[in-house]
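The values are calculated or read from the model by the stated rules, or taken from the named source; none is laboratory data. Predicted, not measured: the structure shown is a model, and the values here were computed from it. Counting neighbours? That spans all protein chains shown, and the Cβs are built from the backbone with ideal geometry, glycine included.
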Amino acid sequence: MNRIIMFLLFLWGFQATLAAQQVKTGEISGTVIEQATGTPLPFASVVIKNQQQKIIEGVITNEQGIYIIPDIPIGTYFMEVSYNGFTTYTATVELPKHQKFPVIALVQDTTQLDEVVVTGETSEVSLKLDKKVFTVGKDVLSQSGSVTDVLDNVPSVTVDPGGAINLRGNANVTILINGRRSGLTSSQALEQIPSDNVARIEVITAPSSRYDASGTAGIINIILKKNTKNGFTGQVRLRGGIPQDFRISGSLNYKTDKINFFSTIGVRSTDYIGVYSRFQQTSDDNGTVTLNQRQDENRHDGGKHLYLGFDYFINPTNTFTTAFQRNQIEDTDATTFIYDYSSDTAAIVDSTLVSKGNSKENRSYNQLEMNYTKSFKKEGQKLTVDLQYDFWDSTKKWNVITEKEFPDTIDIINFRTTDSDKNNDIVIQSDYITPIGVSSKLEIGAKFENRHVRDGFLAEEFKDDTYQLIDNLDNSLTYDERITGGYVQYSTTLKAFHILTGLRIEDTHIGIKDDLGNFNATNRYTNFFPSITLDYTLNEQTRLGSSYSKRINRPRLFSLNPFSTLEDFNTRFYGNPTLQPSYTDIIEISAVRKSAKLTLSPSLYYSHTTDNTFWYTSQNPSGIFETRIINLTSEDRYGAELSLSYSPLKWLSLSGDMNAYHFTTKGRINDQDLTASNMTWYTNISSRFKIPGRITLQSRFHYRGRIENAQSTVKPMAYINMGVSKKMFKNRAVLLFNVTNVFDSRKYKEETRGTDFFVNQIASRNAARWSLSFVYKFNGNSEYKNRRAKRSNRN
């Protein structure tokens, strides 16, 4: 009997265990995107509730907008997908073994937006896992000009009067277009690209390993707009301005389920009026000589821009893209220099020299790009192969005639220079991404870049009825650069934590030699560049992040060229063939807090740079100023940054950013100590008003504080830009009126000191500029107009 009872108990326990093991579970997965743009929505909240509305499980989408919820018992549930500023998506889930939802497209909450902002109207900043993304809206000041105008409105970014781009006050920043280096990123070429072609700007201050290691300040990635609507779409843009600024551009796109053609074409004719002054005192055994110099520049830029390409959707998992860009620029300058000299023994001018210079420069930038993207059945798995070929050339001819006008009229010098460059750059890159498990991802990639440059500079003086060389300035160089790199990167999500870590290796080979065989130098080095980013989602409104990245600043041809260039008889510039690369370690802590009316993003950062570069100015025995680049020992920089946007009323939006930082540089040249420290800051404050009649007014105030190093002091600078826009023709068109540098206060003022000289310079590259623009957008009818456009793999 006992054996029977034991057997029955065993059989009952076995059946209970078997029944427990047969309890079925399933999983729910899918992708969340923004309906208006088709872009993924990372960190959207996905919640599963039971019939009693009790939360069973909840997750947050990853960087690609993907979510997976495993091990949910079979049954009927309610699913809610929410994201700040969007209408919550709800659905009933009848859970079999696996429930894979189609793409869930969230719609902007128009009720909430009427109280805050209208979607697409205002530019916004969002914090991603390894970057800040500035989404370009319809701000008046962001639509009025070129890409450089957009950049001047991006938090952390400043554009100086000469067009140089700085990131957190550091000019060593890498500019990318659609994630790639390009000859189109020079300030002149960026002036050719209309601002309303820009979809977003990615500011990457501590780049991850997937990016090139170049750029100690970080990376600015310019993402151009891409057509997502089926059928014909496009726009036409006209602009006129004072001083003369005429621009015409247009874009036309045609998309079907199999192919997407895209194109942009533009021409411009722009005048720039510059005024530059220089006060200079030099001392030697014979006493002190004072120079008051004035330079009046009238520059005309004419340009043409063409961008053509297409996406071919071979099938749902394979896409091929090819595109071609060309910028043709022609600059002409007419410049007058007036030199008034006096000695310390005379209170009046001893002599006056007048130089008249004329130059003509032609530049041609060409870029051919191809991309192949392969998607796999596994969600999030993707392979890309990119090929890019850049070829560009430039030639500048400069003629200067100088004569003495006081006390006597005498011809002194007549010289001319020719500066020429030819560049060929080819890049091959491949990247592979694959998910690992539910919430992890592995990325690997490789890249090869080969650049070949031919550079020539010739300076001649007219003597004895013929042109003769000036100081043997007839130099032709060949510069070759090869960079081979690869990386591996891993990211994972652990509940509210997101981790991204990686390692990049780059081998660099640089060679430079002149045609006469007097100079031949090579340099090769291999470096590892680790990176790590930690991101914590505190709640739907608040995210915290921290990151570390190692970067490099490679000296390029301009910095390595041992031969001098000159623009007048008073100054010379030299590169340094022994210049070494600089290395920077960057640490950053940041946060983003979003509410219905306020977005707040503070950051703290620190960087340490070894072998940082410095442009050192000295005076030779002939009284000519020579500026050459050298390596210092180190630079330490730490700072705090705050970006915010506030919309207290539906007709009022305020935004701004402030960056304060301190840096200390250490180093010497010969017996001179170049150690220096400085604390400075800058801020941008913008206000935007909407008034009846579909009219919007916007103003932006820029301020940059005093900057000092071992030799020079750059004085504070402030200026204001203003604009007004009116929507027309049922919002298909907009009329914009803008004024930049309203009070003509955007002037660069610098003092430079040496042991035997003092120089005070003021540069006003542009006075106030007035412009009127008209933009008309159209969406052609198509049999596809009611279909949802497929998202492109590009960008």
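Brief remarks on what is shown
- Checked against (1) surrounded by 15 or more Cβ atoms within 10 Å (Cβ to Cβ); (2) in contact with a Lys or Arg (Cβ under 9 Å, 6 or more places away or on another chain), ARG694 meets all criteria but (1).
Yes or no, residue by residue, for (1) of a type in the set (Lys, Arg); (2) modelled with pLDDT under 75; (3) assigned by TED's automatic domain parsing to the domain that holds SER647:
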residue: ARG3; (1), (2), (3): yes, yes, no
residue: PHE10; (1), (2), (3): no, yes, no
residue: THR61; (1), (2), (3): no, no, no
residue: ILE69; (1), (2), (3): no, no, no
residue: GLU94; (1), (2), (3): no, no, no
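- The set of residues from the stretch 664-722 being of a type in the set (Gly, Ala, Ser) and farther than 24 Å from THR627 by Cβ comprises SER686, SER687, GLY693, SER699, GLY705, ALA718.
- Boolean, VAL714 is in contact with a Ser or Thr (Cβ under 6 Å, 6 or more places away or on another chain) and either crowded, with 16+ Cβ neighbours inside 10 Å or not assigned by TED's automatic domain parsing to the domain that holds PRO648 (or both): no
- Answer residue from the stretch 584-599, given it is of a type outside the set (Val, Ile, Thr) and in contact with a Phe, Trp or Tyr (Cβ under 9 Å, 6 or more places away or on another chain) and is farthest from ASN631 (Cα to Cα) among those: LYS597
- Residue selected from the stretch 40-55 under the condition polar (S, T, N, Q) and surrounded by fewer than 17 Cβ atoms within 10 Å (Cβ to Cβ), by the criterion modelled with the highest pLDDT: ASN50
- Residue ID - surrounded by the most Cβ atoms within 10 Å (Cβ to Cβ), chosen from residues in the stretch 617-648 that are hydrophobic (A, V, I, L, M, F, W, C) and at pLDDT 90 or above: LEU632
- Residue that is farthest from SER82 (Cα to Cα), among those in the stretch 538-551 that are surrounded by fewer than 19 Cβ atoms within 10 Å (Cβ to Cβ) and touching a residue at least 12 places away in the same chain (Cβ under 8 Å): TYR548
Here's the yes/no breakdown for (1) surrounded by fewer than 17 Cβ atoms within 10 Å (Cβ to Cβ); (2) in contact (Cβ under 8 Å) with a residue 24 or more places away in the chain; (3) under 30 Å from PHE558 (Cβ atoms):
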| residue | (1), (2), (3) |
| --- | --- |
| GLU403 | yes, yes, no |
| ASN423 | no, yes, yes |
| TYR432 | yes, yes, no |
| ASP464 | yes, no, no |
| ILE483 | no, yes, yes |
| THR493 | no, yes, no |
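- Of all the listed residues (VAL198, VAL157), the sole one being closer than 24 Å to HIS608 by Cβ, at pLDDT 80 or above and buried (at least 19 other Cβ atoms within 10 Å of the Cβ) is VAL157.
- Sole residue being in the same structural domain as PRO530 (by TED's automatic domain parsing) and aliphatic (A, V, I, L, M), chosen from ILE219, ILE265, ILE223, ILE201: ILE265
- Test for GLY357: is it outside any strand (DSSP E or B), small (Gly, Ala, Ser) and either in contact (Cβ under 8 Å) with a residue 24 or more places away in the chain or under 25 Å from PRO316 (Cβ atoms) (or both): no
- Count of the stretch 717-746 residues which are under 23 Å from TYR661 (Cβ atoms) and either modelled with pLDDT under 90 or buried (at least 16 other Cβ atoms within 10 Å of the Cβ) (or both): 3
- Answer residue from the stretch 160-182, given it is of a type in the set (Lys, Arg) and either in contact with a Ser or Thr (Cβ under 6 Å, 6 or more places away or on another chain) or in a loop (DSSP other than H, G, I, E, B) (or both) and is modelled with the lowest pLDDT among those: ARG181
- Flag for TYR276 being assigned by TED's automatic domain parsing to the domain that holds TYR748, surrounded by 17 or more Cβ atoms within 10 Å (Cβ to Cβ) and either of a type in the set (A, V, I, L, M, F, W, C) or in contact (Cβ under 8 Å) with a residue 60 or more places away in the chain (or both): yes
- Any hit, the stretch 277-293, residues being more than 30 Å from TYR776 (Cα to Cα), modelled with pLDDT of 90 or more and among the small types (Gly, Ala, Ser): yes
- All of (1) crowded, with 22+ Cβ neighbours inside 10 Å; (2) at pLDDT 90 or above hold for ASP271 with one exception: (1).
- Matching entry among SER187, SER208 (being of a type in the set (Gly, Ala, Ser), within 25 Å of ARG556 (Cα to Cα) and either within 13 Å of the chain's Cα centre (by Cα) or modelled with pLDDT under 90 (or both)): SER187
- One residue from ASP311, ASP331, ASP340, ASP350 being loosely packed, with under 15 Cβ neighbours inside 10 Å and assigned by TED's automatic domain parsing to the domain that holds SER394: ASP350
- For the stretch 598-612, a residue qualifies if it is surrounded by 21 or more Cβ atoms within 10 Å (Cβ to Cβ) and under 21 Å from ILE669 (Cβ atoms), and the qualifying residues are THR609, ASN612.
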